[in-house]
1. Step by step: first the residues of region 120-172, then only those that are without any contact (Cβ under 8 Å) to a residue 60 or more places away in the chain and buried (at least 22 other Cβ atoms within 10 Å of the Cβ), then the one that is nearest to residue 672 (Cα to Cα). Which residue is that?
2. Given the options 618, 674, 647, 639, name the one that is in a strand (DSSP E or B) and buried (at least 20 other Cβ atoms within 10 Å of the Cβ).
3. Where the second residue is surrounded by 22 or more Cβ atoms within 10 Å (Cβ to Cβ) and assigned to a strand (DSSP E or B) and the first is on the phi > 0 side of the Ramachandran plot and lies in region 982-1003, which pairs have Cβ atoms under 8 Å and are six or more apart or on separate chains?
4. Name, by its number, the condition in (1) at pLDDT 90 or above; (2) assigned to a loop (DSSP other than H, G, I, E, B); (3) surrounded by fewer than 24 Cβ atoms within 10 Å (Cβ to Cβ) that does not hold for residue 88.
5. Just one of 20, 27, 80 is closer than 21 Å to residue 856 by Cα and modelled with pLDDT under 60; which is it?
6. Looking only at region 177-199, how many residues end up being within 13 Å of residue 214 (Cα to Cα) and part of a strand (DSSP E or B)?
7. Give the residues of region 595-604 that are surrounded by fewer than 20 Cβ atoms within 10 Å (Cβ to Cβ) and part of a strand (DSSP E or B), sorted by residue number.
């Protein structure tokens, strides 16, 4: 892979916006270059695959501190994790081309792989120093024949500066004008120069970033959790979690054959606390009841939703816990990075080069305080029980007769109060055998937002480095070589606080050292006894060797062509190792963050590859140039065996300035270490239970077959119960996986008309189809297959005995059977990319340059299994379309930047358009064609950014800019979305109008 970086052609329209042209731009003096997506040295920028190119000037004018900020605005990208990704999120920043998954997008630095951030083989682009980026090339569509595995959806190649001379200090500061908060400070110092009469060059760059936290509670739209009231609703309802601050209490089932849910005033029922105590909701026995915490006032059990009675519901927000305010809207980050690189030409045949990148990034995510539910042994002499509560408990649980007897009529013997003697009960204990109840068993769900515990916080401290050294040079006038070795290592330590030990809490409740009756009643001593801090260490290592020769076969030339066949041949070896190691704290006893198990694995791969560009005809009327190209790679994995990938394509230039191109690629992705070796651990996917009609949270669809629901654990009377929107599932790896495969077709044209000097227009059609994709079958699909379709094998495998609570029908431990990942899914992406670059003089005013990136998505599809129906997500969000990409997939999206250079002043305006989307129909309640009037769709969103850059002199540039100058708010969505902050924060602006200032000083 020869990269003559010091001769790398860069075409700039003007200071501010790059040309990003992909039409022929002849290199000077016969210099050769390497374009992203090919390993053949070329004399122009004609790429066999479509390339979207972003230059450093564009990053500067938009104050891009983290690369994903700019990448997420491009229409080829569906946002993944970024600075807003709190839940879900893990503190990393990632990129997903076409929304096909971050593990299917290959990230390169100067054409070579960068080390991943975990066993899932996804690169955290926080580690790539933005200050040193010269340009970013984005190739969409499979590129596995050129770069190997993971390039199944495309490639993002960060090309770094390596010919820098002088000293430059760049400083910027950004903040939100909505609250003068969310501050982001960035500074970078870059030094470099040539030596040995220009035979060598060295460069070094240091950068520092500090991004302040912003909480959801700091903005009105995200400070509360909202519920969509449904059809006819005029405003969102305040929602929250049923794990309220005061707790919710459930009486346990009795074994005395007494009827649950009978007359609420029947004192023969075993535990009727909700009737006995004023101020508690009247709920059916055996079901939860909730305290009406002052000042909430009167409670109600007669709420309806969509015309269906919902039973007990909170009337006021104080009766539920609002978990939103303490979640981050902008993740705090502190980052240091160091880059050093250099090259030295020993002679005309040997040039030695090297680079090293080190980055340390500390990012936090935060969730609301831990909710804990469970069964507690509560002694009646517990000093923490409120007096009125204790009175009711004693009256209800009078005593237990150790030697029960029946009267002559066969009825239970009565106690002194005329109540049936409670015998053989599973929810009471008689410790001393005197026939009186000493302990009762109660089920409690409480939010532990006590000052002694605090919220759940995950602090991720990642250190990564990558070292590369190589040799390159000319073998002969027609042949050159490039060989390099690199080693990368990422080490992350994740500190998880706010966890609670369920066993320690249970012991504390029983012995009286922990008071759970009331709000903020956990003492410091209890907090220290039950709190648990978990540590996860995550180490990834990557070793790679690549050797390439490229040149022209002068003896192989078509009679009609001027140039000979150009080829590139190479070998590659790569080894991947990952060790994900949680400590013993994060086991099944801990509540808060998910329990974790170790993941350790290693695999290697030996590869050979070749590429050819074959000119057929040139210099003929109607055929200025006609050529075909192809590539092939064979990979021998220690994990999945032999895998072949290939590509074939053609280019035709009928007249000067117009080029047609087409390419077919067969790509592959080998399973990563996480997919191969992960043990089964718990997760909490969002799902709608078909056996529940749900409530205002729309967590149930109610379209299950009653007979099937009843046969697999749902009591018939409880068809309207409220199932949680998140259901625990156990998923894990599969050592028997095979590689994913993909077929990609791109057909397009590049036009550079002579009549419009400075215009380059690219239009490309793409069609990507991924088969045997690695995934676990989604929970929603399995539930629908069982309860709606009636597929008995699915029911038996995943929803057998013990999955649901026999009284309530709600899913309970041990939850669902283990679900391994497998080669069962299919993904598709089809659409049209448009890129236009135009630069021209505007009379005597100055010079104008424009760059436009646009995309129209025709299809964005997936299948959960080979027999499942194809789900279309182009133009939709939420529902089934939230399974693959958490963000919306608009049919049309564009980014357009226009700059005017007048003397020392550059004025730049960027227009970002996000097309409208509708809610996926699968999210609709049963029998409805809409979810409600408030969150059925999202209209078109336009954002305008303005930047002024002034060159004070040749040594100083000053920049000031406004992002989202109109202050447009994000779309407000309710519970139908299952996303964070009541919107999609990675797609839409959540900080309001943002201001930034910057300065660049050169010496």
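The values are calculated or read from the model by the stated rules, or taken from the named source; none is laboratory data. None of the values given here were measured: they were computed from a predicted structure. Cβ: placed from backbone, ideal geometry, glycine included. Neighbour counts: every protein chain shown.
1. This residue is 122.
2. 647 is the lone residue from the list that is in a strand (DSSP E or B) and buried (at least 20 other Cβ atoms within 10 Å of the Cβ).
3. 982/226; 992/176
4. Just one mismatch for residue 88, condition (1).
5. Every option except 20 fails the conditions.
6. Selection size over region 177-199: 4.
7. Once the filter is applied, which keeps residues that are surrounded by fewer than 20 Cβ atoms within 10 Å (Cβ to Cβ) and part of a strand (DSSP E or B), region 595-604 yields 600, 602, 603, 604.
Matching residues to (1) within 30 Å of residue 460 (Cα to Cα); (2) at pLDDT below 95; (3) out of contact with any helix residue (DSSP H, G or I) (no Cβ under 6 Å at 6 or more places or on another chain); (4) surrounded by fewer than 15 Cβ atoms within 10 Å (Cβ to Cβ):
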residue	(1), (2), (3), (4)
304	no, yes, yes, yes
332	yes, no, yes, no
370	yes, yes, yes, no
398	no, yes, yes, no
